[in-house]
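Worksheet for the structure shown next.
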Amino acid sequence: MKPFYVIFCIIFFVSLSSNSQIEKEKTNGIFYKISLATTLSINEDYVAFDEDDSSTLIEPSALFLNNTIGYKFDQRTMLGLNFEYNWHSKQGLHFFPTYLNLQHNILVDDTSLFVRGGYGTLLGMGKQFEKGNMYKIGLGIESVDINNAILFGLDFSRKRFGNHNLEGISSVSIFLEFMIF
């Protein structure tokens, strides 16, 4: 009978330790996210079927680079603090928005649909950077792995700047983000 108990104990502890080494998906905690986004515009100087012209019909008109640190409350809700650099090439404008955003997953699965919104300020980091405020709303898809995620979607942002925030610029951008838990 003793060999049976010894074999049973060995099998039990091996199965217990092998099961505990399976990495579980993190559903809450601190995360870091880096993002690259651009707005696209129609090239007004484009001529179709022109062999001498090397321009394209659609060209980027603004570039956004974003860093986010935040907290994921559960599989649905995240809150983030964003530091972003925006360069609008056609207007020659530079912005450094710092803002809070809230993201909520509408459908939760390996690939989730989400909505998000944010509000913050445009920091005047120097003479070339405009001061003011901004808000952003977006819609996208999040593909989750065990400890990271890739996000893809569209953002609408509105920036108010200038003397008494009378000037403004609105843009719709396509973003690609990488998130690490």
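Side notes on the structure shown:
- Any hit, region 42-64, residues being within 18 Å of the chain's Cα centre (by Cα), at pLDDT below 95 and among the polar types (S, T, N, Q): no
- Within region 168-180, no residue that is over 14 Å from GLY138 (Cβ atoms) and open to solvent by 60 Å² or more (accessible area, probe 1.4 Å) sits with its Cβ atom under 6 Å from a residue that is charged (D, E, K, R) and assigned to a strand (DSSP E or B) at 6+ positions apart or across chains.
- If you go through region 129-154 and pick out every residue that is in a strand (DSSP E or B) and basic (Lys, Arg), you end up with 1.
- The residue of region 140-177 that is nearest to GLY70 (Cα to Cα), among those that are of a type in the set (Asp, Glu) and under 12 Å from the mean Cα position of the chain (by Cα), is GLU177.
Residue-by-condition table, conditions (1) polar (S, T, N, Q); (2) outside any strand (DSSP E or B); (3) within 18 Å of ILE150 (Cα to Cα):
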residue: GLU59; (1), (2), (3): no, no, no
residue: ASN66; (1), (2), (3): yes, no, yes
residue: GLY70; (1), (2), (3): no, no, yes
residue: GLN75; (1), (2), (3): yes, yes, yes
residue: GLY80; (1), (2), (3): no, no, yes
residue: TRP87; (1), (2), (3): no, no, no
residue: GLN91; (1), (2), (3): yes, yes, no
residue: TYR99; (1), (2), (3): no, no, no
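- Of the residues making up region 104-128, those that are among the β-branched types (Val, Ile, Thr) and modelled with pLDDT under 90 are VAL108, THR111.
- Leading residue by the ranking (nearest to ILE174 (Cα to Cα)) among those in region 129-147 that are out of contact with any Phe, Trp or Tyr (no Cβ under 6 Å at 6 or more places or on another chain), open to solvent by 50 Å² or more (accessible area, probe 1.4 Å) and modelled with pLDDT under 90: ASP145
The values are calculated or read from the model by the stated rules, or taken from the named source; none is laboratory data. Predicted model, so just to flag it, every value in this text is computed and none were measured. With ideal geometry, Cβ positions are generated from the backbone for all residues, glycine too; neighbour counts draw on all protein chains shown. Remember, those area values only see protein heavy atoms, side chains included, never the ligands or the DNA or RNA. Shrake-Rupley method; radii C 1.70, N 1.55, O 1.52, S 1.80 Å.
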